[in-house]
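Colleague: Before I ask anything, here is the structure I am working with.
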Amino acid sequence: MKALPRLLMATALAATPALFPAAVAAEDLIVGFTLDADTLDPANHRKRETETIIRNLYDGLLTRDANMLVVPELAESITQISPTEYDFKIRSGVKFHDGSTLTAEDVKFTLDRITVENAMGGQTSPRQGLMGPVASVDVTAPDTVRITLKEPWPILPAMLPNQQIVSKAFVESVGNEGLATQVNGTGPFKLVEWRKGDAIIMERFDDYYGGAADIPPVDKACVDRVIFKIIPESASRVAALLAGEVHIINELPAFSISQVESNDGTQVMTVNGTRSFFIAMNMEGEHFDDVKVRQAAAMAIDKQLIIDKILGGNAAPIDGILSPDAFGASELPKVGYDPEKAKALLAEAGFPDGIDVTMDTEGAFKDTAEAIASMLTNAGIRTTVMVGEGAQLSDKWRTKGAPKSGDMYFTSWGNGSLDPFDIFTPTHKTNDRGNSAGYANPELDAILDAAAVELDVEKRRAMYRDAEMMINADQPYVYLWVPKDIYGVSKRVTGWQPSADSRINLHDACLN
Amino acid sequence: MSLGKLLERIIQLVPVLLGVSLIVFVMLALTPGDPVQIMVGEQAITAEQEAELRRDLGLDRPLVERFFLFVANAVQFDFGQSYYHGRPVADVIAERLPATIELSLVALIVALATAIPLGVLAAIRKNSIFDRMATVGSLLGVSLPGFWFGILLIMLFAVHLQILPVSGRIGYASEVLTVTGFLLIDTLLAGDIAAFGEALRYLLLPAITLGLPMTAILMRVTRTSMLEVMRQDYITFAEAKGLPRRRVLYRHALKNALIPTVSVAAIETGSLLGGNMIVETVFGWPGLGRLVVESIFLRNYPLVQAAVLLYAVTYVLLNFIADILYTVLNPRVKL
Amino acid sequence: MTDATLAPTPPADSLFRRNLREFRRNRLAMASVIVVLIFVIMAVAAPLIAPQDPNATDLFRRLQPPAWVQGGDWAYPLGCDALGRDILSRIIYGARISIFIGVAVIILATGVGILAGLAAGYFRGWVDVVIGRVVDILLGFPYLIFAIGLMAMMGPGLMNIVLALAYKEWVIPCRVVRGETLAVRELEYVEAARALGAGPRHIMWREILPNILSPVIVVSTIRMANVIILEASLSFLGLGVQPPTASWGSMVSDGRAFILEAWWVSTFPGLAILLLVLAINVASQGLRDAFDPRFSE
């Protein structure tokens, strides 16, 4: 019992901030982040959040600037020898965190590890698919690496920023499992400590070569330390920002914008996102096989009202699958909001009394889905929202051609590269992995296949324009919007801006 | 306690663990949602790559074979690789476990430290204002939805008053050398009092949120059993003999009255561990509960299987500890 | 929980009446019963009481504050949620869900628990061992993980929530019934019934069950309070009732994101849960004091 008063006292002391100030060293830049990294091995993950963290520790051959322009980073230059051959000249004098020097052998080792089957201790890298049809990687000169493709794949440079270079000697000494928790990169920050599930602490790497020559300032990092603090609850993340505990938060909810804006010392930063939201309508089902019903659904939804009210104005409406920022995006015929015409179309399609349908969605989008459902209901498409778990819904809808049940599916598809290839084909090609609508149009399939390997930029652009016109007419989906990524940022932070690929690159960020 | 009884206890563990493993296995197998599809997400993958991935994860084998393989490996403390972390699940769990245990233990200590004195006082001053208030307070404690209360605490102490942190386990100025994984112990081992205080500050709100319902339950139990013991003959007898009331109460009555408190505390600690994930999510506490919930949604089978097994072992162990405490507190009870 | 020294007296109507009188004298408990009744009436008469359609969305009223706060409107006394739905109406309709889940789970669990507990306590031997092991396994399984797993397996839906919660809940009445049965089965009047040639079924249902019912009722009401909170927890983990149905748990859980900007969205349903659960708890405390002699003071 004697321990009790002492414990109570200790608790009381602990609650007194004056005695134990929440010590934050002057130069710790803290990011309140949604999700912990799964692993720190750049070749063994599939998650964007993991990549965001890794990208501050490791650099790649190429990178993107804040405007999504691909520029050389560890490569000094890139030369396309033929449609299937690319030469990368490796920058000299780049140091790994352990002091060793980056060589072409390290680059070859890294790329082999990703592209060769079973190259990671018997397993194949989950990032293999992001590298395209690589046939081989060879060191052709002491400072040059050549990537040879099996067939032309023009988006290779656009996809290469997804890969980061590891040290051959380091991987061979710590092994694949060691690389999951230990870091020896060429990035602006070194790993100090990974408190799993809690925080990843990094410090400035003083021998940093300065980063991409095209992204000034070319120098070592500005802040002493960077900490990614994991705060999954959005209200807690906002609260931590308002309390000054963290300096940057990702996924700021739209309804918190005014709170962050009106708070002294914090501001909101946005950047156009790359994820397209849409509603798949099951074209194999009993209602949505008729284009009139699909058009009616599209007309029943007041996109702009939802963007204004629920998304705080932070989204761009779309009428095709592509984001306005994507390659090949163009002005398309608009499907206006017109519930009366929607009812008329329904009647024309043989449903004068309307139809009863369900709409699947994940819990995170429940609000938006319910708002859409009540709009649809007003226009005679009486919609019940069914919230399901992501895993179950993708089983149900992404069937790759197998028969599917269900009426509508409120979902989205990411397009981090902003190249139509990795959003258009999966969602619209017959039986492809993301074709939730069950859309099958051989003519479109042919265009998409040809556009994927077309080398002439203008021809390729025109092909995607044709493809967008086709889906705009057929309406396999109700195309909704591309939301902006919203960040809450302390006004003490300078030299940082959000980037469209949702990376948080802290190399140039300073804290005043 | 005899060695035989101990052995019997350990043997009793076997069917429980087998049963728990079987249920987890069947449950995961019957749950729609394919681990491979979830892992791959929106990425492009050929049919061959998919088959290979399935083979790598061992998902191409029949369910029965997978189950026996799991049991055979689990006996050797090999629980397989996590689908996501590129490391053995045992490692991943071991990193998260100390945070969960630390939070649960502190919540338990807070609960015991408040519940016992309050319960005893309420019993001694039966039907007083204090007793009534303690009763209502304890009922209030079990009636609050934990996550709602946690959010209210954050709003008050972290956002409005800004005297306690919003989330996390400790600040980042102090570097804590990990020895045990328990920050309160590690900071003391390092002699870093400031860091110890900081760790306590971070612990306070989650521990209160987690411990409150338990405090309420334990207080009720202590009060009831204290009242019951005070009615017993030997207490009346001791008082009649002229022993000071204080001494009778604390020496004789309390010791016996604590027996039910201890057994309830042990069982409640089990549910504390299992109920952690909500508090962990609200307070961004890097514990196991959050990881397990995430893993269920990601269909990270090996991790879920191992974690549930761990929970089951802990539960049995806690009951065992309660039994031992029984004999310590009341030598008349023979196990 | 068992205490063999307190021999339950054979069925006696007068005892029940006396207990009831004692319960009525407990003013706090009576007040709680009234609160519970108000909630029940609210649930039954929801369409008559609710000022608005609980599911009517109006984005122009998104996050509208309560009437007494600037920007509020007395037509929507407690304000509106993220889709502009009336919070008061949703709380009134939500009472249906919370009470239904609480009652359904407890009826289901107590029914199964009584059957299993009676069998285990009366037959003992291998029946007891098997049931005991099943109980051990279920208790060894962390409750929420079990519920999440079941919900993931069966999919969302009100009945599935009830099942997921009841699956483990029966263990508690089962344990109580078993213990009481063990204590009662050797008592004289049971022996007498057995000597008169009554079969096990008759003895279990007619002789034992009526005499052990009060602790079961007490435990069940306490657990009902707990079940209502557990439903809220499932909602928090994203496994609650399907929209647009309002359940208090899902209202609190959905509203928590807005707590900094619109405290009313999650605070009022949170208070509703608190009030109902508190009332049930206080009432069950009174029941316990009145009906279960071992807890009376």
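The values are calculated or read from the model by the stated rules, or taken from the named source; none is laboratory data. Predicted, not measured: the structure shown is a model, and the values here were computed from it. A quick note on method: Cβ atoms are made from the backbone with ideal geometry, for glycine too, and the neighbour counts reach across all protein chains shown.
Colleague: Residue C:116: surrounded by 18 or more Cβ atoms within 10 Å (Cβ to Cβ) and modelled with pLDDT under 95, yes or no?
Modeller: Yes, satisfied.
Colleague: Condition (residue is crowded, with 19+ Cβ neighbours inside 10 Å, modelled with pLDDT of 95 or more, of a type outside the set (D, E, K, R) and not in a helix (DSSP H, G or I)) applied to the range A:291-310: is it met by at least one residue?
Modeller: Yes, the conditions are met somewhere in the range A:291-310.
Colleague: Could you please let me know if residue A:422 is surrounded by fewer than 17 Cβ atoms within 10 Å (Cβ to Cβ) and part of a helix (DSSP H, G or I)?
Modeller: The answer is no for residue A:422.
Colleague: Closer than 16 Å to residue B:168 by Cβ and either at pLDDT 90 or above or in contact with a Cys (Cβ under 9 Å, 6 or more places away or on another chain) (or both): is that true of residue A:54 in this structure?
Modeller: Spelling it out, it is not the case that residue A:54 is closer than 16 Å to residue B:168 by Cβ and either at pLDDT 90 or above or in contact with a Cys (Cβ under 9 Å, 6 or more places away or on another chain) (or both).
Colleague: Of all residues in the range A:224-262, which are assigned to a loop (DSSP other than H, G, I, E, B), away from chain B (no Cβ under 11 Å) and farther than 17 Å from residue C:256 by Cβ?
Modeller: Once the filter is applied, which keeps residues that are assigned to a loop (DSSP other than H, G, I, E, B), away from chain B (no Cβ under 11 Å) and farther than 17 Å from residue C:256 by Cβ, the range A:224-262 yields A:224, A:247, A:250.
Colleague: Only one of these is at the interface with chain B (Cβ under 9 Å from one of its Cβ atoms), farther than 30 Å from residue C:210 by Cβ and assigned to a helix (DSSP H, G or I): C:161, C:148. Name it.
Modeller: Sole residue among the options that is at the interface with chain B (Cβ under 9 Å from one of its Cβ atoms), farther than 30 Å from residue C:210 by Cβ and assigned to a helix (DSSP H, G or I): C:148.
Colleague: Another question, if that's okay. Does residue B:43 satisfy the criteria of being touching a Gly at 6+ places or on another chain (Cβ under 8 Å) and outside any helix (DSSP H, G or I)?
Modeller: Yes: the conditions hold for residue B:43.
Colleague: When you check residue C:173 against the structure, is it touching a Leu at 6+ places or on another chain (Cβ under 8 Å) and either at pLDDT below 85 or under 27 Å from residue B:269 (Cα atoms) (or both), yes or no?
Modeller: In short, no.
Colleague: Further, regarding this structure: How many residues are touching a strand residue (DSSP E or B) at 6+ places or on another chain (Cβ under 6 Å), at pLDDT 95 or above and not assigned by TED's automatic domain parsing to the domain that holds residue A:104 when one looks only at the range A:141-188?
Modeller: 1
Colleague: Now for a separate question. With within 7 Å of another protein chain (Cβ to nearest Cβ), under 13 Å from residue B:316 (Cα atoms) and of a type outside the set (S, T, N, Q) as the only criterion, which of B:20, B:14 stands out?
Modeller: B:20
Colleague: Something else about it: Tell me which residues, restricted to the range B:19-35, are surrounded by 17 or more Cβ atoms within 10 Å (Cβ to Cβ) and in a helix (DSSP H, G or I).
Modeller: B:19, B:20, B:21, B:23, B:24, B:25, B:27, B:28, B:35
Colleague: Counting only residues that are within 11 Å of another protein chain (Cβ to nearest Cβ), in contact with a helix residue (DSSP H, G or I) (Cβ under 6 Å, 6 or more places away or on another chain) and among the aliphatic types (A, V, I, L, M), give me the helices (runs of 4 or more DSSP H) lying completely in the range C:178-297 with at least 1 of them.
Modeller: C:209-236, C:248-255, C:264-291
Colleague: Go through the residues of the range A:155-162 one by one and say whether even a single one is polar (S, T, N, Q), closer than 25 Å to residue A:453 by Cα and either in contact (Cβ under 8 Å) with a residue 24 or more places away in the chain or in a loop (DSSP other than H, G, I, E, B) (or both).
Modeller: Yes, because at least one residue in the range A:155-162 is polar (S, T, N, Q), closer than 25 Å to residue A:453 by Cα and either in contact (Cβ under 8 Å) with a residue 24 or more places away in the chain or in a loop (DSSP other than H, G, I, E, B) (or both).
Colleague: Among the numbered criteria (1) surrounded by 22 or more Cβ atoms within 10 Å (Cβ to Cβ); (2) closer than 24 Å to residue C:59 by Cβ; (3) of a type in the set (Gly, Ala, Ser), which one does residue A:363 miss?
Modeller: Here residue A:363 meets the rest and fails (1).
Colleague: If I go through the range A:344-399 residue by residue, how many of them are more than 10 Å from every other protein chain (Cβ to nearest Cβ) and small (Gly, Ala, Ser)?
Modeller: 7
Colleague: How about the range B:23-71: which of its residues are in contact with a Phe, Trp or Tyr (Cβ under 9 Å, 6 or more places away or on another chain) and within 8 Å of chain A (Cβ to nearest Cβ)?
Modeller: B:33, B:38, B:39, B:42
Colleague: Between B:129, B:163, B:154, B:109, which is surrounded by fewer than 20 Cβ atoms within 10 Å (Cβ to Cβ) and within 14 Å of chain C (Cβ to nearest Cβ)?
Modeller: Only one candidate qualifies: B:129.
Colleague: Starting from the range C:24-49, keep only residues that are in contact (Cβ under 8 Å) with a residue 40 or more places away in the chain, then list their pairs with residues that are exposed (fewer than 13 other Cβ atoms within 10 Å of the Cβ) whose Cβ atoms are within a distance under 7 Å, requiring at least 6 positions of separation or different chains.
Modeller: Final answer for the pair search is none.
Colleague: For the subset of the range A:191-223 comprising residues that are within 14 Å of another protein chain (Cβ to nearest Cβ) and among the basic types (Lys, Arg), which member is nearest to residue A:49 (Cα to Cα)?
Modeller: Here the residue is A:196.
Colleague: Taking residue B:279 as meeting all but one of (1) farther than 30 Å from residue C:149 by Cα; (2) surrounded by 19 or more Cβ atoms within 10 Å (Cβ to Cβ), write down the number of the exception.
Modeller: Of the numbered conditions (1) farther than 30 Å from residue C:149 by Cα; (2) surrounded by 19 or more Cβ atoms within 10 Å (Cβ to Cβ), the odd one out for residue B:279 is (1).
Colleague: Out of the range B:177-205, which residues are farther than 24 Å from residue B:156 by Cα and crowded, with 22+ Cβ neighbours inside 10 Å?
Modeller: The answer is B:183, B:187.
Colleague: Moving on to the next point. If a residue has to be crowded, with 17+ Cβ neighbours inside 10 Å and over 21 Å from residue A:360 (Cβ atoms) to count, how many in the range A:425-444 make the cut?
Modeller: Looking only at that region, the number is 4.
Colleague: If only one of B:304, B:313, B:279 is at pLDDT 80 or above, assigned by TED's automatic domain parsing to the domain that holds residue B:212, assigned to a helix (DSSP H, G or I) and within 23 Å of residue B:86 (Cα to Cα), which one is it?
Modeller: B:304
Colleague: I've got another one for you. How many residues, within the range A:88-125, are away from chain B (no Cβ under 14 Å), out of contact with any Asp or Glu (no Cβ under 6 Å at 6 or more places or on another chain) and surrounded by fewer than 17 Cβ atoms within 10 Å (Cβ to Cβ)?
Modeller: 8
Colleague: How many residues are assigned to a helix (DSSP H, G or I) and under 16 Å from the mean Cα position of the chain (by Cα) when one looks only at the range B:169-203?
Modeller: Residues in the range B:169-203 being assigned to a helix (DSSP H, G or I) and under 16 Å from the mean Cα position of the chain (by Cα): 1 in total.
Colleague: Checking the conditions here, which among A:63, A:79, A:148 is in a strand (DSSP E or B), among the β-branched types (Val, Ile, Thr) and within 21 Å of the chain's Cα centre (by Cα)?
Modeller: So the residue among A:63, A:79, A:148 that is in a strand (DSSP E or B), among the β-branched types (Val, Ile, Thr) and within 21 Å of the chain's Cα centre (by Cα) is A:63.
Colleague: Which condition does residue A:341 not pass, out of (1) under 27 Å from residue A:444 (Cβ atoms); (2) outside any helix (DSSP H, G or I), if it passes all the others?
Modeller: Condition (2) is where residue A:341 drops out.
Colleague: While we're on this one: Of the residues that make up the range C:78-91, is at least one assigned to a helix (DSSP H, G or I), within 14 Å of chain A (Cβ to nearest Cβ) and at pLDDT 90 or above?
Modeller: Yes: the range C:78-91 contains one or more residues that are assigned to a helix (DSSP H, G or I), within 14 Å of chain A (Cβ to nearest Cβ) and at pLDDT 90 or above.
Colleague: Let me ask something additional. Take the residues in the range B:81-96 that are closer than 17 Å to residue B:299 by Cα and facing chain A (nearest Cβ under 7 Å), then tell me which one is farthest from the chain's Cα centre (by Cα).
Modeller: The qualifying residue farthest from the chain's Cα centre (by Cα) is B:86.
Colleague: Scan (1) under 27 Å from residue C:98 (Cβ atoms); (2) surrounded by fewer than 22 Cβ atoms within 10 Å (Cβ to Cβ); (3) within 12 Å of chain B (Cβ to nearest Cβ) for the single condition residue C:141 breaks and write down its number.
Modeller: (2)
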